[in-house]
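Engineer: First the structure, which I've put down as structure tokens, then a few questions once you've had a look.
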Amino acid sequence: DTLMRLDCGRTDLPTGSEAQMRASLRRLAALPGDPHVYPGHGPETTLEYERRNSPEMNFANDDADS
């Protein structure tokens with residue numbers, strides 16, 4: 001699991017990595033346009049909605065600025 005509506009996948013499991021999750025979210029945020037996202041858990045969303053509203057996606061992008 002990577003991107004879900006207003007959330008992201010868990011990084012606290014044995015194979016989880018917070019750094020890899022943030023890198024994945026940054027790559028998704030950089031995609032052009034506003035594609036629909038159909039996550040494995042929860043309702044569908046759009047990439048633009050997540051860019052604007054997801055604390056997880058914004059946190060990943062803020063981290064890149066540091």
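Residue-by-condition table, conditions (1) outside any loop (DSSP other than H, G, I, E, B); (2) of a type in the set (D, E, K, R); (3) loosely packed, with under 15 Cβ neighbours inside 10 Å:
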site	(1), (2), (3)
Ala19	yes, no, yes
Arg22	yes, yes, no
Leu28	yes, no, no
Glu50	yes, yes, no
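Engineer: Quick check on segment 30-48: of everything there that is small (Gly, Ala, Ser) and in contact (Cβ under 8 Å) with a residue 12 or more places away in the chain, which residue is surrounded by the fewest Cβ atoms within 10 Å (Cβ to Cβ)?
Structural biologist: Of the residues in segment 30-48, the ones small (Gly, Ala, Ser) are 30, 33, 40, 42.
Then keep just the ones that are in contact (Cβ under 8 Å) with a residue 12 or more places away in the chain; that gives 33, 40, 42.
Working: Gly33: 7, Gly40: 9, Gly42: 12.
Here the answer is Gly33.
Engineer: Kindly establish whether Thr15 is surrounded by 12 or more Cβ atoms within 10 Å (Cβ to Cβ), among the β-branched types (Val, Ile, Thr) and either assigned to a loop (DSSP other than H, G, I, E, B) or touching a strand residue (DSSP E or B) at 6+ places or on another chain (Cβ under 9 Å) (or both).
Structural biologist: Values: surrounded by 12 or more Cβ atoms within 10 Å (Cβ to Cβ): no; among the β-branched types (Val, Ile, Thr): yes; either assigned to a loop (DSSP other than H, G, I, E, B) or touching a strand residue (DSSP E or B) at 6+ places or on another chain (Cβ under 9 Å) (or both): yes.
So Thr15 does not fit the description; no.
Engineer: Which members of segment 3-12 meet the condition of being out of contact with any helix residue (DSSP H, G or I) (no Cβ under 7 Å at 6 or more places or on another chain) and either assigned to a helix (DSSP H, G or I) or not hydrophobic (A, V, I, L, M, F, W, C) (or both)? Steps first, please.
Structural biologist: So in segment 3-12, the residues out of contact with any helix residue (DSSP H, G or I) (no Cβ under 7 Å at 6 or more places or on another chain) come out as 4-5, 10, 12.
The answer is Arg5, Arg10, Asp12.
Engineer: Those residues that are closer than 10 Å to Arg5 by Cα and either of a type outside the set (Phe, Trp, Tyr) or touching a strand residue (DSSP E or B) at 6+ places or on another chain (Cβ under 7 Å) (or both), I need them from segment 20-55; list them, please. Steps first, please.
Structural biologist: Keep residues of segment 20-55 that are closer than 10 Å to Arg5 by Cα, which gives 37-39, 41-47, 49-50, 53-54.
If the condition is that a residue be closer than 10 Å to Arg5 by Cα and either of a type outside the set (Phe, Trp, Tyr) or touching a strand residue (DSSP E or B) at 6+ places or on another chain (Cβ under 7 Å) (or both), then Val37, Pro39, His41, Gly42, Pro43, Glu44, Thr45, Thr46, Leu47, Glu50, Asn53, Ser54 are the ones that fit.
Values quoted throughout were computed directly from the atomic coordinates according to the rules given, and no laboratory measurement underlies them. Please read all numbers here as calculations on a predicted model, not as lab measurements. Cβ sites come from the backbone with ideal geometry, for glycine too, and all protein chains shown count toward neighbours.
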